[in-house]
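To start, the structure under review is shown below, and the notes come after it.
The values are calculated or read from the model by the stated rules, or taken from the named source; none is laboratory data. Since the model is a prediction, treat every value here as computed from it, not as a measurement. Here the Cβ positions follow ideal geometry from the backbone for every residue, glycine too, while neighbour counts run over all protein chains shown. The area values use the complete protein model at the heavy-atom level, side chains included, leaving out ligands, DNA and RNA. Shrake-Rupley method; radii C 1.70, N 1.55, O 1.52, S 1.80 Å.
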Amino acid sequence: PKASDKFYDKAAVMDNVIFGMQELERQDQAGGKWFKPIPPQASGKKIITAPYDIPPDHYGVHRLEKAYFTINDEKTPAFIVMAAARRGQYDLPVDEMFYVNFMGVADKLPNIDFNSILSGNVVTELIQDRSVIIGLKKNDASPGFQTPIHWGDRSISLVEYHGYALDTLIEHKSIMQSQPLVILLFIIIVTILGLTTYTLLSGTLAFICTA
């Protein structure tokens, strides 16, 4: 919001800059969704905007990202999905939500302080030909977002969470949730294998003891 008019003028002529607009809890009288307004400096400029929301949690653990919003009865991609599409990714989620893959990417998602950028103290290779998400770092008083691999003091900020979500889409590493019938079948197979193994081992031990 504190950016100058020149910043938004520059962004308006670029097709690879997307401004995320967070969904608000309240709705208008017709039940439509409300989003945080764009800064006054951007008013009237043809900047690209796309919605996003705070990731939902399940028993305090965050692992889902919203891929689409319904705005004016139309399916609208979230800014993460739009960013992946502009990277040439076409095999994108079709459901409203997708699971974020947090494994094996912590070492390749650099977290750069904004002051380092302003001072020019940034290694070019860290951002060259890569998608860059700009946002606020985690406040010391904020609990952050707990994930399957980040908890307690290691919780992450919203911008970091979105980084993992975007990497999931770009690298085609979405986690598929098994259907209940598949889970039940897996449990039955494991149970049968366990009983069979126990029976064979019991017979072998009996044979050894009585030999």
Could you tell me whether LYS33 is more than 23 Å from LEU158 (Cβ to Cβ) and among the charged types (D, E, K, R)? no
Quick check on the range 148-160. Is at least one of its residues modelled with pLDDT of 85 or more and hydroxyl-bearing (Ser, Thr, Tyr)? yes
Evaluation of SER174 against (1) open to solvent by 80 Å² or more (accessible area, probe 1.4 Å); (2) modelled with pLDDT under 75; (3) closer than 26 Å to THR49 by Cβ (one fails), failing number: (1)
Answer yes or no as to whether GLY144 is touching a Lys or Arg at 6+ places or on another chain (Cβ under 6 Å) and at positive phi. yes
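Does ASP95 satisfy the condition of being acidic (Asp, Glu) and on the phi > 0 side of the Ramachandran plot?
Working: acidic (Asp, Glu): yes; on the phi > 0 side of the Ramachandran plot: no.
It is false that ASP95 is acidic (Asp, Glu) and on the phi > 0 side of the Ramachandran plot.
Restricted to the range 15-31, and to residues that are over 18 Å from the mean Cα position of the chain (by Cα) and surrounded by 12 or more Cβ atoms within 10 Å (Cβ to Cβ), which residue is modelled with the highest pLDDT?
Taking the range 15-31 first, the residues over 18 Å from the mean Cα position of the chain (by Cα) are 15-17, 24-31.
Those still in the list that are surrounded by 12 or more Cβ atoms within 10 Å (Cβ to Cβ) too: 17, 24.
On the way: VAL17: 92, LEU24: 83.
By that ranking, first place goes to VAL17.
Hey, any hits in the range 7-14 for a residue that's assigned to a strand (DSSP E or B), at pLDDT 85 or above and in contact with a strand residue (DSSP E or B) (Cβ under 9 Å, 6 or more places away or on another chain)?
From the range 7-14, those assigned to a strand (DSSP E or B) are none; that's our starting set.
Within the range 7-14 (the criterion being assigned to a strand (DSSP E or B), at pLDDT 85 or above and in contact with a strand residue (DSSP E or B) (Cβ under 9 Å, 6 or more places away or on another chain)), the answer is no, since none of the residues qualifies.
Can you find a residue in the range 42-52 that is aliphatic (A, V, I, L, M), closer than 26 Å to GLU171 by Cα and loosely packed, with under 11 Cβ neighbours inside 10 Å? Before you say what the answer is, go through the steps one by one.
So in the range 42-52, the residues aliphatic (A, V, I, L, M) come out as 42, 47-48, 50.
Pick out the ones that are also closer than 26 Å to GLU171 by Cα and you get 48, 50.
Among the residues that remain, those that are also loosely packed, with under 11 Cβ neighbours inside 10 Å are: none.
Among the residues of the range 42-52, not one is aliphatic (A, V, I, L, M), closer than 26 Å to GLU171 by Cα and loosely packed, with under 11 Cβ neighbours inside 10 Å, which makes the answer no.
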Only one of GLY144, GLY120 is among the small types (Gly, Ala, Ser) and either farther than 23 Å from TYR52 by Cα or touching a helix residue (DSSP H, G or I) at 6+ places or on another chain (Cβ under 7 Å) (or both). Can you tell me which? GLY120
Scan the range 116-170 for residues that are of a type in the set (A, V, I, L, M) and in contact (Cβ under 8 Å) with a residue 24 or more places away in the chain and report the count. 9
Within the range 120-144, how many residues turn out to be of a type outside the set (A, V, I, L, M) and in contact with a Leu (Cβ under 7 Å, 6 or more places away or on another chain)? 2
If you go through the range 58-105 one residue at a time, how many are open to solvent by 40 Å² or more (accessible area, probe 1.4 Å) and within 12 Å of the chain's Cα centre (by Cα)? 4
Inside the range 122-158, can you point out the residues that are of a type in the set (Phe, Trp, Tyr) and in a loop (DSSP other than H, G, I, E, B)? TRP151
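When the range 128-152 is examined, which residues are found to be farther than 30 Å from ALA11 by Cα and of a type in the set (D, E, K, R)? Full working, then the answer.
Quick first cut of the range 128-152, residues farther than 30 Å from ALA11 by Cα only: 140-143, 146-152.
If the condition is that a residue be farther than 30 Å from ALA11 by Cα and of a type in the set (D, E, K, R), then ASP140 is the only one that fits.
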